[in-house]
Amino acid sequence: MPKAEKGTPKDIANRMKAKGLQKLKFYCQMCAKQCRDENGFKCHLTSDSHLRQMKIFCGNASSMLDSFSAEFEKNYLDTLYRRHRTKKMNANNIYQELIQDKHHVHMNSTKWTTLSDFVQYLGKSGKCVVEETERGWYVTYIERDPEILAQQENYQRRVESEKREEEKLAKRMEKQRMEAAKLMDRAGVGLEVRESKIDRSEGDKPIALAIANTQSKKSKKKKKGLVFGGDDDDEDEEIREGTGETNDANVVEDPVVPLQKKERNSTENSTKQVETNESKKKRSENEIDDKPPSKKQKVDYENELEDVRKKNWIRKDILVRIISKKVSKGKYYKRKAIITKVYDKFTAEVEILDSGPDERDGGDILEVDQEHLETVVPKEGKKVKVLNGVGRGELAILLSADHDKCRGKLELVEDGTILRKVDFDDFSKAV
């Protein structure tokens with residue numbers, strides 16, 4: 001049959017077939033020639049070039065067989081070590097990776113007739129750990145790199161030396177303790193360990209400090225000293241009267257004041273100051289709620305939201321809905337679930353709920369990424385958990401929900417703070 005002309009479809013097909021891996025039984029290792037079919041292989045066996053190579057093989061058969069076997073073993077171990085290191089792998093999988101090379105050394109040219117014989121040889125020679133299972137032979141490469149072995153030996157020596165040092169230190173400390181105990185016994189000195197008790201005879205009284213009161217007096221003095229005016233004596237007397245001072249140099253306060261009186265005055269001043277501060281805070285909060293926020297307040301609130309917001313929002317003990325058909329091939333699409341655990345901030349372990357009150361098709365446990373989940377907005381008055389923004393991680397009560405704008409109004413359970421215009425994606429029903 002004539003050879004196909006170059007560029008014809010037949011020629012292109014022949015070249016494509018010649019590039020790929022073909023049948024191993026039609027390969028001649030001595031000539032390193034791959035035949036396409038049985039007819040071509042028979043023709044090659046009767047060719048002059050093949051007969052010359054076979055004469056050479058007959059003259060030195062054992063050495064050539066050993067060289068082919070050594071090369072096959074080297075390639076097999078290199079493939080196992082470079083691709084899988086010291087992992088336990090199936091021997092047949094390693095062989096399939098090896099024969100992907102078109103010019104590899106075939107097992108037919110080695111002294112092993114089957115792969116099982118070759119694997120058993122590796123186990124007997126101590127080059128691999130061999131194990132036979134129901135799925136076939138498994139091999140594990142034994143590390144024999146001199147550098148790695150030296151590192152392991154150095155590590156073992158370092159661990160042993162550290163252990164010896166710790167034992168020596170413990171013995172030295174014990175010896176010092178015994179010597180100190182003997183010296184104390186000779187001197188007649190003993191140590192008694194007693195439990196410390198808190199004296200609560202006066203009751204749980206609040207601890208109050210009068211530092212704020214003294215600061216207010218100093219501020220008053222400074223403010224009134226800065227007023228520009230005449231040098232009349234009447235004005236000086238009025239200023240001193242306002243600050244609690246008099247112009248008489250003969251009047252001297254009694255330095256000895258009872259302790260109870262001082263404590264009573266300090267507690268009264270501190271309680272008054274706390275009450276005034278709380279009233280001011282409430283008044284300022286009411287004014288802020290009544291007045292529309294200014295541009296500066298809006299900017300600060302947005303900056304605060306940016307600080308609190310994070311990419312991950314899933315949390316434990318909240319109700320979510322599966323919105324992706326990729327989860328279990330759409331089996332749980334639009335089904336509600338409870339998050340029981342959170343892994344790596346973005347993966348949740350969920351428990352599927354029943355699809356209806358009379359259904360019993362829930363209870364399945366899945367691991368779902370947060371991209372396949374969405375929040376569940378409950379009815380007004382129910383408890384929710386804030387997932388993003390201000391109050392992140394806290395429980396709140398849903399006061400109202402605007403489904404057109406997808407926003408809600410929340411009240412934090414802890415301090416009663418009102419959060420307005422919270423997106424539905426930033427909170428979910430708490431379980």
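The values are calculated or read from the model by the stated rules, or taken from the named source; none is laboratory data. In this text, all values refer to a predicted model and were calculated from it rather than measured experimentally. So basically every Cβ, Gly included, is an ideal-geometry build from the backbone, and we count neighbours across all protein chains shown.
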Anything in segment 69-109 that is modelled with pLDDT of 90 or more and either more than 44 Å from the chain's Cα centre (by Cα) or of a type in the set (Phe, Trp, Tyr) (or both)? List them, or say none. 69, 70, 71, 72, 76, 95
Out of 58, 43, sole residue that is in a helix (DSSP H, G or I), of a type outside the set (Ser, Thr, Tyr), at pLDDT 85 or above and closer than 23 Å to residue 15 by Cα: 43
Counting only residues that are among the polar types (S, T, N, Q) and exposed (fewer than 10 other Cβ atoms within 10 Å of the Cβ), which one in segment 124-150 is farthest from residue 70 (Cα to Cα)? 133
Mind checking whether some residue in segment 399-406 is farther than 20 Å from residue 309 by Cα and under 32 Å from the mean Cα position of the chain (by Cα)? no
Within segment 320-338, the residues that are surrounded by 18 or more Cβ atoms within 10 Å (Cβ to Cβ) and assigned to a loop (DSSP other than H, G, I, E, B) are 332, 335
Only one residue in 394, 349, 359, 411 is more than 23 Å from residue 310 (Cα to Cα) and free of Cβ contacts under 8 Å to residues at least 24 places away in the same chain. Which one? 359
Exactly one of 152, 156, 215 is polar (S, T, N, Q), at pLDDT 75 or above and more than 30 Å from residue 90 (Cβ to Cβ), and that residue is 156
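Residue check: is residue 57 farther than 30 Å from residue 134 by Cα and either surrounded by 11 or more Cβ atoms within 10 Å (Cβ to Cβ) or touching a Cys at 6+ places or on another chain (Cβ under 7 Å) (or both)? Walk me through it before giving the result.
On the way: farther than 30 Å from residue 134 by Cα: yes; either surrounded by 11 or more Cβ atoms within 10 Å (Cβ to Cβ) or touching a Cys at 6+ places or on another chain (Cβ under 7 Å) (or both): yes.
Criteria met by residue 57.
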What is the one condition in (1) closer than 26 Å to residue 335 by Cα; (2) in a strand (DSSP E or B); (3) hydrophobic (A, V, I, L, M, F, W, C) that residue 419 does not satisfy? (1)
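Yes or no, residue by residue, for (1) buried (at least 16 other Cβ atoms within 10 Å of the Cβ); (2) at pLDDT below 90; (3) closer than 26 Å to residue 423 by Cβ:
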residue: 349; (1), (2), (3): yes, no, yes
residue: 353; (1), (2), (3): yes, yes, yes
residue: 357; (1), (2), (3): no, yes, no
residue: 360; (1), (2), (3): no, yes, no
residue: 369; (1), (2), (3): no, no, yes
residue: 372; (1), (2), (3): yes, no, yes
residue: 376; (1), (2), (3): yes, no, yes
residue: 383; (1), (2), (3): no, no, yes
Is one or more of the residues making up segment 77-89 crowded, with 16+ Cβ neighbours inside 10 Å, in contact (Cβ under 8 Å) with a residue 24 or more places away in the chain and part of a loop (DSSP other than H, G, I, E, B)? no
Pairs, first modelled with pLDDT of 90 or more and among the small types (Gly, Ala, Ser) in segment 120-137, second assigned to a strand (DSSP E or B) and surrounded by 15 or more Cβ atoms within 10 Å (Cβ to Cβ), C-beta under 7 Å, six or more apart: 123/130
